[in-house]
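Asks: Please see the structure below; I have some questions.
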Amino acid sequence: MNKHTLLIGFSSFLMLVGTFSNTSTYAQDPTLRYGTGVPPAVRSISGRGLRYLASTQLEDGSWPGGHNGAGITGICLMAFMASGEDPDFGPYAINIRRALRNMIVNQDPKTGYMTGYGRGSMYHHGFATLALSEAYGAVSEELLWKGTDVSAERRRTIGKALELAVRCALTAQEKNPWGAWRYSPTSQDADTTVAGTVLMGILGARNAGIEVPNEAVDKALNFFQTCTMRGGGVAYQPMSSHGDGATRAAIATLVYAIGKRKDTPEYKATSEFIKRRMDQSIRGGYAFYNLYYMAQALFQSDFEAWQAWNRRTIERLQTMQQEDGSFTSSYGNAYGTGMAILTLALNYRLLPIYER
């Protein structure tokens, strides 16, 4: 079986790379890896949300809204793949292919930059890179372009698109004095929110088999350590406090865990920090961003804390979901809905394998 024949959905990707950083935990307790059943409320929230995304996807594969772009398309793509449905023949196969085609044809063929319709930033690029890494080896390249009128010169394999996206991120990092990222590929400063998004994208690509130098990952993790304060708070940028938000600490906890730095004092500090603030209520456009990263960070750092947080989050999302299955967000309902579904994705914890 070729190494690219594994379907690694959003939650299973985190489980797989988490296994590398904490093998003994999962070896001792298989329920952490495979779960003991998905709560009916999670299936209901996710199912309604996916039906909403499927019904509102545009013919070109994107979603309506002023903030649309490759990142939001990627978030919705990962949401479709998170529950383990067959990406080639399952109920959302057409939606998955449309989203992938949209990201690929709007990728800059020279630089690999992925924003979508000229908008967005490295936030978009990071989420899109992670989405491509989820689809690579899982979605049939043959079916991807079948029956479309996209010209041959605009077509690209998922693997090639992913390689280009990684090259763009690495080139931007090489030019950045901090060894990290901010809004533009040419930015000379960096912040921990953008850097976390891009770093997770290239870690996902590396997990999928794309070559990513260890030095690049180390530089990015060193940047996070520079921004981590003794008490576990994480600065927005180096040499600035910018508050002690739980979201940035969750991002740092996650990248430390996936980047194999659980033995550092910074990881221990941030993981304790987020447990103290895991019930902090965040509203507005950042609420779903917070939920998305808190889910992953708590799961990686403290399973029991995640369980308690997860139960409360399920109840909270039940009250937030609209009748049509969507979640309202200042960044658009597609963004809010996709992020809500991904927040709950770790409840599935499946590793479905599809051989080609």
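The values are calculated or read from the model by the stated rules, or taken from the named source; none is laboratory data. Predicted, not measured: the structure shown is a model, and the values here were computed from it. FYI the Cβ positions are ideal-geometry reconstructions off the backbone, even for glycines, and counts take in every protein chain you see.
Asks: Please indicate, with yes or no, whether at least one residue in the range 305-316 is farther than 19 Å from Glu134 by Cβ, part of a loop (DSSP other than H, G, I, E, B) and free of Cβ contacts under 8 Å to residues at least 40 places away in the same chain. Talk me through it step by step, then tell me what you get.
Replies: Taking the range 305-316 and keeping what is farther than 19 Å from Glu134 by Cβ, we get 305-316.
Still in the running and part of a loop (DSSP other than H, G, I, E, B): none.
So far as the range 305-316 goes, no, none of its residues is farther than 19 Å from Glu134 by Cβ, part of a loop (DSSP other than H, G, I, E, B) and free of Cβ contacts under 8 Å to residues at least 40 places away in the same chain.
Asks: If you go through the range 286-301 one residue at a time, do you hit one that is out of contact with any Cys (no Cβ under 9 Å at 6 or more places or on another chain), within 26 Å of Ala220 (Cβ to Cβ) and surrounded by fewer than 20 Cβ atoms within 10 Å (Cβ to Cβ)?
Replies: The answer is yes; a qualifying residue exists.
Asks: Would it be correct to say that Asn106 is out of contact with any strand residue (DSSP E or B) (no Cβ under 9 Å at 6 or more places or on another chain), modelled with pLDDT of 95 or more, polar (S, T, N, Q) and farther than 17 Å from Leu203 by Cβ?
Replies: Numbers: out of contact with any strand residue (DSSP E or B) (no Cβ under 9 Å at 6 or more places or on another chain): yes; modelled with pLDDT of 95 or more: no; polar (S, T, N, Q): yes; farther than 17 Å from Leu203 by Cβ: yes.
So Asn106 fails the test.
Asks: So, Met278, is that one of a type in the set (A, V, I, L, M, F, W, C), in a loop (DSSP other than H, G, I, E, B) and either crowded, with 19+ Cβ neighbours inside 10 Å or at pLDDT 95 or above (or both) or not? Steps first, please.
Replies: Values: of a type in the set (A, V, I, L, M, F, W, C): yes; in a loop (DSSP other than H, G, I, E, B): yes; either crowded, with 19+ Cβ neighbours inside 10 Å or at pLDDT 95 or above (or both): yes.
So Met278 fits the description; yes.
Asks: Right, another one. Quick check on Ala93: is it touching a Gly at 6+ places or on another chain (Cβ under 9 Å) and among the aliphatic types (A, V, I, L, M)? Step through it out loud before you land on a result.
Replies: On the way: touching a Gly at 6+ places or on another chain (Cβ under 9 Å): no; among the aliphatic types (A, V, I, L, M): yes.
Answer is no for this residue.
Asks: Here is a further query. Out of the range 247-304, which residues are closer than 22 Å to Gln237 by Cα, out of contact with any Gly (no Cβ under 8 Å at 6 or more places or on another chain) and of a type in the set (Asp, Glu)?
Replies: If the condition is that a residue be closer than 22 Å to Gln237 by Cα, out of contact with any Gly (no Cβ under 8 Å at 6 or more places or on another chain) and of a type in the set (Asp, Glu), then Glu266 is the only one that fits.
Asks: Right, next: Scan the range 210-220 and tell me whether some residue there is in contact (Cβ under 8 Å) with a residue 40 or more places away in the chain and either surrounded by 24 or more Cβ atoms within 10 Å (Cβ to Cβ) or of a type in the set (Lys, Arg) (or both).
Replies: For the range 210-220, residues in contact (Cβ under 8 Å) with a residue 40 or more places away in the chain and either surrounded by 24 or more Cβ atoms within 10 Å (Cβ to Cβ) or of a type in the set (Lys, Arg) (or both): present.
Asks: Let me ask something else. Scanning for something crowded, with 24+ Cβ neighbours inside 10 Å, touching a residue at least 24 places away in the same chain (Cβ under 8 Å), of a type in the set (Val, Ile, Thr) and not in a helix (DSSP H, G or I), does the range 234-254 turn up at least one residue? Spell out how you get there, then give the answer.
Replies: Filtering the range 234-254 for residues crowded, with 24+ Cβ neighbours inside 10 Å gives 234, 246-254.
Now narrow it down to the ones that are touching a residue at least 24 places away in the same chain (Cβ under 8 Å): 234, 246-254.
Adding the requirement that they be of a type in the set (Val, Ile, Thr) leaves 234, 247, 251, 253.
Keeping just the survivors that are not in a helix (DSSP H, G or I) gives 234.
Yes.
Asks: Now a separate question. Are there helices (runs of 4 or more DSSP H) fully within the range 124-224 with at least 2 residues that are in contact with a Pro (Cβ under 7 Å, 6 or more places away or on another chain) and at pLDDT 95 or above? List them. Step through it out loud before you land on a result.
Replies: On the way: elements: 141-145, 158-175, 192-207.
In the range 124-224, the matching helices (runs of 4 or more DSSP H) lie at 158-175.
Asks: Continuing with the same structure: How do the pairs read when you match residues in the range 49-60 that are free of Cβ contacts under 8 Å to residues at least 40 places away in the same chain with residues anywhere that are assigned to a loop (DSSP other than H, G, I, E, B) and not small (Gly, Ala, Ser), using Cβ under 7 Å and keeping only pairs 6 or more apart or on different chains?
Replies: Taking only residues 6 or more apart or on different chains, the pairs are Leu58/Pro64.
Asks: Okay, next question. Quick test of your reading of the structure: Gly84 fulfils all but one of (1) part of a loop (DSSP other than H, G, I, E, B); (2) out of contact with any helix residue (DSSP H, G or I) (no Cβ under 9 Å at 6 or more places or on another chain). Name the failing condition by number.
Replies: Unmet for Gly84, out of (1) part of a loop (DSSP other than H, G, I, E, B); (2) out of contact with any helix residue (DSSP H, G or I) (no Cβ under 9 Å at 6 or more places or on another chain): (2).
Asks: If I filter the range 70-112 down to residues being over 16 Å from the mean Cα position of the chain (by Cα) and crowded, with 24+ Cβ neighbours inside 10 Å, which single residue comes out as farthest from Val139 (Cα to Cα)?
Replies: Gln107
Asks: I would also like to ask the following. Of the numbered conditions (1) modelled with pLDDT of 95 or more; (2) over 25 Å from Cys168 (Cβ atoms); (3) not in a loop (DSSP other than H, G, I, E, B), Tyr286 satisfies every one except a single condition; which is it?
Replies: (1)
Asks: Among what's in the range 329-345 and is of a type in the set (S, T, N, Q) and in contact with a helix residue (DSSP H, G or I) (Cβ under 6 Å, 6 or more places away or on another chain), pick the residue that is surrounded by the most Cβ atoms within 10 Å (Cβ to Cβ).
Replies: Thr337
Asks: So Ser55 fits all but one of (1) under 17 Å from Leu317 (Cα atoms); (2) surrounded by fewer than 17 Cβ atoms within 10 Å (Cβ to Cβ); (3) not charged (D, E, K, R); what number is the exception?
Replies: Here Ser55 clears every test but (1).
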